[in-house]
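Quick one: the structure is below, and I'll ask about it shortly.
Throughout, read-outs are computed from the coordinates displayed, never taken from laboratory work. Remember, predicted model here, so these are calculated numbers, not experimental data. No Cβ is skipped: glycine too gets one built from the backbone with ideal geometry, and neighbour counts run over all protein chains shown.
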Amino acid sequence: METVVDITLLALLAVAGLAILRTRNLFSAVMLAGIYSLVAAALFTTLDAVDVAFTEAAVGAGISTVLFLGTLALVGWEEKKPAHRPLLPLVVVLITGAALVYGTADLPPFGAADNPVHDSDVARRYIEESPHEIGVPNMVTSVLASYRGYDTMGETTVIFAALVGVLLLIARGPRPRRVWDPDRKEWLTRWDDPQSDGGDGAGTSQGGAHG
Amino acid sequence: MDDQVILRMAAKWLIPFILIFALYVQFHGDYGPGGGFQAGVIFAAGFVLHSLVFGLKDTLRVLPPWVAYACGALGVVLYAGVGVVTMALGAEYLNYNVLSYDPEHGQHYGILLVELGVLITVFGVMLGVYYAFAGRRRLDG
């Protein structure tokens, strides 16, 4: 039964991937990418990696799709025809894919009892010590927040750095503006609304999707 | 979308549950799948849904961009601050054992606080990035 589920999900992944390649409509490409993420999340669930599946569903299928749509509202919905011939990229992709498939031959079989991961001292220590050392039933949380606390702090900082980068690159929207108020004789900070072009109240109430 | 009555009503009912679900994912992370990253994304998704249905203008009034930006920084400060506190209490950086009367309780408090930091940062960043994209106009439009 598990094999059937795995094969079905992997086939769906392949179909979604090929469909993304074929379509010139970027809206369907974004929707298919969301479906791809959701199927990948289901696949992670069958591999018992529920935390990863959760993140994939929330970030990959959820927020990413919304951000892609926000971008499409700015750049348009149709992909331009490529100017070059697809031969060279095809060769590169085929060679890379072949190398990756060749690499999987060295991987230990999934779920086998004598896999190296079950034999490592680190894994054994987490499994044996974390219940009374940390006392948190979900071992993923113990590792993420305590044993690997430095890593997680780095990740949080990277996410913050991403915000700084995005704001530096594209935020032309709400920005604080110092305005001199002659009546109160002081400088005020104003956050201008990005949807109204200086005029007030005339804008539509619809969000980013209107171009 | 002023005329989409069903959509507006459904969103109005859904948003509180999305936010509550985010908090459940956050605080249930010790026992099941979940944690700050997922909860932050889900919490931000509640506000994204609000802006998709009621318009960006209304969402910006509910939660102005500077709040999102401040959250993005605040979470990192909270996370790093826990480390500073543990150092002040005489242990290594981010060693939560000293946060309470016994190591196991200290670990619980520490994990709770740093996960809260992750939640706040991820929420602020996701919403800030969304605002940046949605608030921009088409160059040729």
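For the ranges A:80-86, B:46-52, what's the packing order if you count other beta-carbon atoms within 10 Å of each residue, average per peptide, and put the highest first?
B:46-52, A:80-86
I would also like to ask the following. Among A:166, A:140, A:105, pick out the residue whose Cα is farthest towards the positive end of the charge dipole of segment A:96-183, where Lys and Arg carry +1 and Asp and Glu carry -1 on C-beta, about the Cα centre.
Looking along the dipole axis, the top candidate is A:166.
Give a residue-ordered list of calculated ³J(HN,Hα) values for segment B:82-94 (Karplus: 6.51 cos²θ - 1.76 cosθ + 1.60, θ = phi - 60°; whole Hz; x for Gly, Pro).
4, x, 5, 5, 5, 5, 5, 8, x, 10, 6, 4, 6
Which one, B:45, B:73, B:91, has the greatest fluctuation when you compute a Gaussian network model over chain B with C-alpha springs under 10 angstrom?
For chain B, modelled as a Gaussian network with Cα springs under 10 Å, the answer is B:91.
Applying 1/(1 + (r/R0)^6) with R0 = 56 Å to the Cβ-Cβ distance of residue A:119 and residue A:81, what FRET efficiency is obtained, to the nearest 0.05?
Using R0 = 56 Å, I get an efficiency of 0.60.
Rounded if a/c is under 1.5, else prolate if a/b beats b/c, else oblate: with a ≥ b ≥ c from the C-alpha gyration tensor eigenvalues square-rooted, which is chain A?
Oblate shape, in that a/c is at least 1.5 and b/c is the bigger or equal ratio.
Right, something else. In debye, nearest 20: dipole of the protein assembly as shown around its Cα centre with unit charges on the Cβ of K, R (+) and D, E (-)?
Dipole of the protein assembly as shown, to the nearest 20 debye: 1840 debye.
Lysines within cross-link reach of residue B:12: Cα-Cα under 30 Å, excluding same-chain residues under 8 positions apart?
Reachable lysines: B:57.
Percentage of Cα-Cα pair distances in the protein assembly as shown greater than 32 Å, rounded to whole percent?
Counting pairs separated by more than 32 Å, the tail of P(r) holds 45 percent.
While we're here: What ³J(HN,Hα) values, in whole Hz, does the Karplus curve 6.51 cos²θ - 1.76 cosθ + 1.60 give for segment A:31-37 when θ = phi - 60°, with x put for Gly and Pro?
Calculated HN-Hα couplings, in order: 5, 5, 5, x, 4, 4, 5 Hz.
Mind running the shape call on segment A:49-172? Use the C-alpha gyration tensor, a ≥ b ≥ c as the square roots of the eigenvalues: rounded below 1.5 for a/c, prolate if a/b tops b/c, oblate otherwise.
The shape class here is oblate.
Averaged over peptide A:140-152, how many Cβ atoms belonging to another chain are found within 10 Å of each residue's Cβ?
Across A:140-152, the average partner-chain Cβ count within 10 Å equals 6.
Here's something else I'd like to know. Using 7 Å Cα-to-Cβ label points, what is the residue A:188/residue B:67 separation (nm, one decimal)?
According to this spin-label approximation, the distance is 2.0 nm.
With θ set to phi - 60°, apply the Karplus curve 6.51 cos²θ - 1.76 cosθ + 1.60 along segment A:137-152 and write out the HN-Hα couplings as whole Hz, x wherever there is a Gly or Pro.
Each residue's phi maps through the Karplus curve to give x, 7, 5, 4, 5, 4, 5, 5, 9, 10, 4, 10, x, 5, 4, 5 Hz.
About the Cα centre, and with charges only on the beta carbon of Lys, Arg (+1) and Asp, Glu (-1), how big is the dipole of segment B:1-128? Nearest 20 debye, please.
That gives segment B:1-128 a dipole magnitude of about 480 debye.
Inside 10 Å of the C-beta atoms of A:34-40, what's the mean count of C-beta atoms belonging to other chains?
0
Would you tell me the mean number of C-beta atoms belonging to other protein chains that fall within 10 Å of each C-beta in A:73-84, as a whole number?
Counting other chains' Cβ atoms within 10 Å and averaging over A:73-84 gives 2.
Put a dot 7 Å past each Cα toward the Cβ at residue B:93 and residue A:5; how far apart are the dots in nm?
4.3 nm
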